[in-house]
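The values are calculated or read from the model by the stated rules, or taken from the named source; none is laboratory data. Predicted model only: the values in this text are computed from it and were never measured. Heads up, the Cβs are rebuilt from the backbone with ideal geometry, glycines too, and the neighbour counts pull from every protein chain shown.
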Amino acid sequence: MLIGFVPGLDELEAVNPVGLEARLLDYLGGGEGDGARTREQFITDLADQFLELTRHGPTVLVLDDLDRADTSSLAAVEFFTQELGDRPLWILATARPPEALSSTGRERLDRFEGSTGAERLLLRALTSAETVEYLRRTHPSAELSLEEIERRFSETGGNPYLLQQFDQRPAPEGEVGQRGRAVPRDEGAQEVLDLAAVLGPEFPFSLLLKASEEDEERLAEEVDRLVGQGVLFERPGELLEFPQDRLREEVYNYLSERRRRVLHRRSGAALEMLGRADPARIYALARHFYLGRDVQKSVRYNRIAAEIAERSLAPEVAWEHFVHALESHRQMKPEDLAGEAELVLGLARITQELGLLKESEDALHEFLERTQGDARLSPGRRAALEVFLCRVLAAEGNLPATAELAQKVLSTPALDDQPLVRLGAYHHLGMVAYYEGRYPDALAYHTKEIELARRVGNPQVLARAQIWRVANLQMLGMVEQAIAEAREVTAARDRLGSVRESAMAHLVLGDILADARSPPADRRQALEEYARTIKFAEQAKDPRRVGWALYKSSELHREERHFPEAIEMAERAGHILGQVGDQVGLAVSVRARGRIAMDQGDLDRAEVDLLEALRLLRGTNNTLEEIDAILRLGQLASSRGDQDGARQRLAELVRMNLPQVRPDLREEFDRLEHALADGSSSRKVSPA
């Protein structure tokens, strides 16, 4: 992988699976200590080094075998193309021809080209004259006849890579297959080729020897023959590889399931004997023992691989290894619910990080329902999973279910020695109370959260609790105090080094500064805070906060009548929040679109969007945002001269206690109420 800040060799042997308490600490914002670097910070530092190089002159970054890079590595290169696009930096990446790649490799390369705008250049083969020059340069002491040179050119087509193989092994006689290559005819050669396909795209001869359990001399002869036929290539250091990933894929797919399982087990056992493990070997061991169905070793190596992938900040890779570890654990020890709980939680967290909220919820629900009442799962472990499920439910906008589950956690006996679990439950109760407009209740819950955070002694967890206190201070009318405390907490969060938590802090600060009662200078700064939120959230791979910051930026642009920017941001916000399953976020983005249409005088379009937003919100029971949507429909009715419709909306707002629940909307509510009290259809209400 290109992204490589992984444990050192001496650390790998000591990698231990992260337990539930450490996971929970991480979920509550306290998992990244001072000085911990995120994947994006690492890439940014690397980009800064290239930026410095380009100040001294044009720079070329050369990458080999791009088709074999993992998703995280490709994302790093994409980052360079975006951040350093205006600098004299050229990125030259080599890849095998598309027809030589596996189907997965082709798809990955096509996506990369589309996202970066890379220009594909097909390198032509050497001409006959160039072949002569190439051979004479690479073999200055060899006496090659014209007949020999012509033979090499004819058989290789002028491909330098194939020309090298003539120096490795002589080409034996054999049956010639497609593309001029000989194919193995006897059983021994086919067995070697089968094992090679299982070992991977590239492997040392020593590994093939151990896995084959063959006589070294006999195996060397078979390999020589395969190299001579062009079925395998040999690199310096006795490294063997397939000339085409497609060829390896075809050989592997032809194997029976039973044959694959046997060969993967043998490959894993051989790899274990080849000395100390590095990250690449751990990944290979995890793959071999999972596909070989050695469940005990599959659990061990896939858990370690998942931890390495997380430290390497490659969540897609970690997700795959958690899935494999969990599957193998259930086969090996179905009665070990404690161990299964840790794997379920690890998988759910990675799934949620990837923005797959429904899938994360389903994984947790399935385990909790299946183990309901089972004494083999301790109350503390169950409660830890329930707290994280609260987080997923809240992210989906399901506030009633979040509150119900958090109350259940707090009512669970024997959790006095579980401060992190109780802290998480209070956090979610406070968050739900805030979104339901019960600000005194929310402040009380977050005060409990702060007390427990101080008991835990983790500054990151404390900072998160303080952020929510700030949000409640704003809604209780203490705006100046809220701004002052928000600036302090945001600065502290930035110092602590978690981009995810920094994104949250800047989002809250932006919300307070964006308050309609704030001076214009504060509101302009709110846009800057939202921009910082987007930057940090993108670095943290947190699409939900990106979406919310875009939505709130759209609202500010609308108020400044910058409609093109407002529309573009509202559309992007709705797309992102809809993809991650945030029903509330999707609803407010649709509502933002409706408000823009209303300001532009397109009342029919505005009505469609506002009604859709209200429909979505009523499926979430989010009182705060529902009130806002109803108010906008009341304003729309008044703008149309529909006084009866406007009065119906006003009555709804009175029943929902808007003056107390949404004090920030009190001024607009009063204007609508006064206009309707006049009883004049000629008096229309203009939205703020």
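Descriptive notes on the structure:
- Here ARG281 passes the criteria (1) surrounded by 15 or more Cβ atoms within 10 Å (Cβ to Cβ); (2) touching a residue at least 12 places away in the same chain (Cβ under 8 Å); (3) basic (Lys, Arg) except the one numbered (2).
- 2 or more residues closer than 23 Å to PRO564 by Cβ: qualifying helices (runs of 4 or more DSSP H) within the range 599-659: 603-618, 623-639
- So PRO140, is it modelled with pLDDT under 70 and surrounded by 11 or more Cβ atoms within 10 Å (Cβ to Cβ): no
- In this structure, GLY397 does satisfy being outside any helix (DSSP H, G or I), among the small types (Gly, Ala, Ser), buried (at least 17 other Cβ atoms within 10 Å of the Cβ) and not assigned by TED's automatic domain parsing to the domain that holds GLY619.
Yes or no, residue by residue, for (1) surrounded by fewer than 24 Cβ atoms within 10 Å (Cβ to Cβ); (2) farther than 25 Å from PRO659 by Cα; (3) free of Cβ contacts under 8 Å to residues at least 24 places away in the same chain:
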| site | (1), (2), (3) |
| --- | --- |
| ALA549 | no, yes, no |
| HIS562 | yes, yes, yes |
| LEU577 | no, yes, no |
| LEU603 | yes, yes, no |
| GLU607 | yes, no, no |
| THR623 | yes, no, no |
| SER638 | no, no, no |
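- Among the residues listed as LEU357, LEU347, the single one being under 22 Å from the mean Cα position of the chain (by Cα), crowded, with 19+ Cβ neighbours inside 10 Å and modelled with pLDDT of 90 or more: LEU347
- Residue pairs meeting the criteria (Cβ under 7 Å; at least 6 apart or on separate chains; first part of a helix (DSSP H, G or I), in the range 413-429; second modelled with pLDDT of 85 or more and acidic (Asp, Glu)): LEU423/GLU449; TYR426/GLU449; HIS427/GLU449
- Test: residue in the range 512-522 that is hydroxyl-bearing (Ser, Thr, Tyr), modelled with pLDDT under 85 and under 29 Å from HIS557 (Cα atoms): yes
- Residue in the range 677-685 that is part of a helix (DSSP H, G or I), over 20 Å from ILE567 (Cβ atoms), touching a Leu at 6+ places or on another chain (Cβ under 9 Å) and not acidic (Asp, Glu) present: no
- Scanning the range 339-364 for residues that are under 15 Å from ARG382 (Cα atoms) and free of Cβ contacts under 8 Å to residues at least 60 places away in the same chain gives GLY339, GLU340, LEU343, VAL344, ALA348, GLU361, ALA363, LEU364.
- Selection count, the range 430-476, where residues are among the small types (Gly, Ala, Ser), closer than 15 Å to LEU399 by Cα and outside any helix (DSSP H, G or I): 1
- Number of positions in the range 428-445 that are more than 29 Å from the chain's Cα centre (by Cα) and either at positive phi or not hydroxyl-bearing (Ser, Thr, Tyr) (or both): 9
- The condition of being touching an Asp or Glu at 6+ places or on another chain (Cβ under 8 Å) and surrounded by fewer than 21 Cβ atoms within 10 Å (Cβ to Cβ) holds for only one of ARG593, ARG618, that being ARG618.
- Of the residues ARG493, ARG422, ARG487, the single one that is among the basic types (Lys, Arg) and surrounded by fewer than 18 Cβ atoms within 10 Å (Cβ to Cβ) is ARG487.
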